[in-house]
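**Student:** Below is one structure. I have some questions about it.
The values are calculated or read from the model by the stated rules, or taken from the named source; none is laboratory data. On a predicted model such as this, the values are computed, not experimentally measured, just so you know. Cβ atoms come from the backbone with ideal geometry, glycine included; neighbour counts cover every protein chain shown. All accessible areas refer to the heavy atoms of the entire protein, side chains included, with ligands and DNA or RNA removed. Shrake-Rupley method; radii C 1.70, N 1.55, O 1.52, S 1.80 Å.
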Amino acid sequence: MLEVRQLAYAYAGAMAVRDVSLTVGAGEIVALLGANGAGKSTTVRMIAGALRPQHGTIHFDGRDVTRAECHEMVPLGVALCPEGRLIMPQMSVRENLLMGGYTRRHKAERDAAIDEMFTMFPRLAERRDQLGGLMSGGEQQMLAIARALMSRPKLLILDEPSLGLAPMLVRELFDHIVAINARGTSVLLVEQNARQALRIARRAYVLEKGNTARSDLAENLVNDDAIRSAFLGM
Ligand SMILES: Nc1ncnc2c1ncn2[C@@H]1O[C@H](COP(=O)(O)OP(=O)(O)OP(=O)(O)O)[C@@H](O)[C@H]1O
Ligand SMILES: [Mg+2]
């Protein structure tokens, strides 16, 4: 479904991504792991069309989307839930969700998508009229994910969704990700919480200094000594 080859990106001359290749198949959860500054966010921003790659190619559903922008990627079925959530604090929960549904032209479609999100995330339904900025950290993360799902993506990219959440909420969040995937959405999951990510992912890539250093089945990485000491604190 997604095929990324030899991506590179430098911010004002500073190399952030040197050589990253990865794939996500239909129905897969794939984890993208790596230390701070490894280039994970830069990679997913290129995939989502927020940054234009300076080298390499991106194909989605057989189409070359290397030079596509966000507003072109969303209708094609790729939605990014960015690092740091970036919800609108002065807008209500419902209004935040509508922002994610902007590609749906008909009000009936947007309303149906909102109802679907309220069924999936009952806490958002209870707080539909509350300002986004007054939601708890966990609720804001659910809202950010629901907003990304409003466009009904084929591929949902989550950039560090568990950041700053209490362990119990992380578990709840990951259960939601599994449920979203079970409904047919592929997931590319950027995480520092490698243990949780490897629990739900089928495969994973490890980025090091802008390069794809490792790629393997999640179960092999969990049992790998180098990965265990570098990312799992074991
Ligand atoms: N807007 C920017 N301008 C300049 N340099 C940047 C910018 N964003 C990221 N960088 C640099 O690019 C490199 C890769 O950053 P990136 O955000 O992709 O890493 P990351 O793997 O997502 O890290 P983290 O786990 O901390 O989120 C880092 O050295 C970072 O300092
Ligand atoms: Mg990042």
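**Student:** What's the long-distance tail for segment 98-234, i.e. % of Cα pairs beyond 18 Å? Provide the component values of the computation, followed by the final result.
**Tutor:** Working: 5534 of 9316 pairs.
The calculated P(r) of segment 98-234 puts 59 percent of pairs beyond 18 Å.
**Student:** Moving on to the next point. Return the sequence-ordered ³J(HN,Hα) values of segment 9-24 in whole Hz as given by the Karplus equation 6.51 cos²θ - 1.76 cosθ + 1.60 applied to θ = phi - 60°, using x for Gly and Pro.
**Tutor:** Ordered by residue, 3J(HN,Hα) equals 8, 10, 8, 6, x, 8, 4, 9, 10, 9, 7, 10, 10, 7, 9, 10 Hz.
**Student:** With every protein chain kept in place and ligands, DNA and RNA left out, what is the accessible area per residue of segment 2-231? Probe 1.4 Å, answer in Å². Can you show the working numbers first?
**Tutor:** Working: 10590 Å² over 230 residues.
Using a 1.4 Å probe on heavy atoms only, each residue of segment 2-231 averages 46 Å².
**Student:** Only Cα pairs under 8 Å and at least 6 apart count here; give the relative contact order of the chain as a rounded whole percent. Please list the in-between numbers first.
**Tutor:** Details: 457 pairs, mean separation 64.4, N = 234.
Relative contact order comes out at 28 percent.
**Student:** Another question, then. For segment 49-65, in order, what is each residue's ³J(HN,Hα) by Karplus, 6.51 cos²θ - 1.76 cosθ + 1.60 with θ = phi - 60°, in whole Hz (x at glycine and Pro)?
**Tutor:** x, 7, 10, 8, x, 8, 7, x, 9, 10, 10, 10, 6, x, 9, 6, 10
**Student:** If you count the DSSP beta bridges with both ends in segment 2-231, what percent of them are antiparallel, to the nearest 5? Provide the component values of the computation, followed by the final result.
**Tutor:** On the way: 21 of 40 bridges.
Of all bridge pairs located within segment 2-231, approximately 50 percent are antiparallel.
**Student:** Multiply the residue gap between GLU172 and CYS70 by 0.36 nm, knock off their C-alpha separation, and tell me the result in nm, one decimal place.
**Tutor:** Going from the current span to full extension adds 33.8 nm.
**Student:** Step by step: find N for segment 2-231, compute 2.2 N^0.38 Å, then divide the Cα radius of gyration by it. What's the final number?
**Tutor:** On the way: Rg = 17.1 Å, N = 230, 2.2 N^0.38 = 17.4 Å.
In units of the globular-protein estimate, segment 2-231 measures up at 0.99.
**Student:** If the cut-off is a Cα-Cα distance under 22 Å, which lysines reach LYS154, setting aside same-chain residues fewer than 8 apart in sequence?
**Tutor:** Correct list for LYS154: LYS40, LYS107.
**Student:** Counting only residues 5 or more places away or on other chains, whose amide H sits under 5 Å from the amide H of VAL65 once H atoms are built in the peptide plane?
**Tutor:** Amide H to amide H, under 5 Å and 5 or more residues apart or across chains, VAL65 pairs with ILE58, HIS59, PHE60.
**Student:** List the residues, sorted by chain then number, that are 5 or more residues from ARG214 or on another chain and whose placed amide H is less than 5 Å from its amide H.
**Tutor:** For ARG214, the qualifying residues are VAL206.
**Student:** Which distance in nm do the two modelled labels at MET91 and GLN6 give, with both placed 7 Å along the Cα-to-Cβ direction?
**Tutor:** Output for this residue pair reads 4.0 nm.
**Student:** Also, I was wondering about something else. Given only helices, namely DSSP H runs of n ≥ 4 each adding -39500 (n - 2.57), what is the per-residue ellipticity at 222 nm of the chain, to the nearest 500 deg cm²/dmol? Walk me through the intermediate numbers first.
**Tutor:** Details: 10 runs with 91 residues, N = 234.
Result for the chain, helices only: -11000 deg cm²/dmol.
**Student:** Computed FRET efficiency, Cβ-Cβ of ARG199 and ASP19, R0 25 Å: what is it to the nearest 0.05? Working shown, then result.
**Tutor:** On the way: r = 28 Å, r/R0 = 1.13.
Between ARG199 and ASP19 the formula returns 0.35.
**Student:** Just to be sure I understand: with springs between alpha-carbon atoms less than 10 Å apart, which residue in GLN192, GLN141, GLN130 has the highest mean-square fluctuation in the Gaussian network model of the chain?
**Tutor:** GLN130
**Student:** Roughly how many Å² of THR212 are accessible to a 1.4 Å probe, to the nearest 10?
**Tutor:** Its heavy atoms expose roughly 40 Å² to the probe.
**Student:** While we're on this one: First measure r as the distance between the Cβ atoms of GLU208 and HIS55, then evaluate 1/(1 + (r/R0)^6) with R0 = 22 Å and state the FRET efficiency to the nearest 0.05. Could the numbers behind the result be given before it?
**Tutor:** Numbers: r = 18 Å, r/R0 = 0.82.
In this case the efficiency is close to 0.75.
**Student:** Through the Karplus equation 6.51 cos²θ - 1.76 cosθ + 1.60, θ set to phi - 60°, convert the phi angles of segment 220-226 into ³J(HN,Hα) values in whole Hz; use x for Gly and Pro.
**Tutor:** My calculation for segment 220-226 gives 6, 5, 4, 9, 8, 4, 5 Hz in order.
**Student:** What is the local net charge at ALA194, summed over the other residues whose Cβ is closer than 12 Å to its Cβ (Lys, Arg +1; Asp, Glu -1)? Before the final figure, lay out the partial values.
**Tutor:** Details: positive: LYS40, ARG195, ARG199, ARG214, ARG228; negative: GLU160, GLU191, ASP224.
So the surrounding residues net to +2.
**Student:** Leaving out ligands, DNA and RNA, and with a 1.4 Å probe, what % of the accessible surface on the chain is carbon or sulfur? Display every interim value, and only then the final one.
**Tutor:** Working: 5450 of 10840 Å².
C and S fraction of accessible area: 50 percent.
**Student:** Extension gain SER215-ALA125, at 0.36 nm per residue separation less the Cα-Cα distance, in nm? Show your work: numbers first, answer last.
**Tutor:** Numbers: separation 90, 0.36 × 90 = 32.40 nm, distance 3.90 nm.
Residue separation times 0.36 nm, minus the Cα-Cα distance, leaves 28.5 nm.
**Student:** To the nearest 10 degrees, how steep is helix 167-182 against the longest Cα principal axis of the chain, on a 0 to 90 scale?
**Tutor:** Relative to the chain, helix 167-182 is tipped by roughly 90 degrees.
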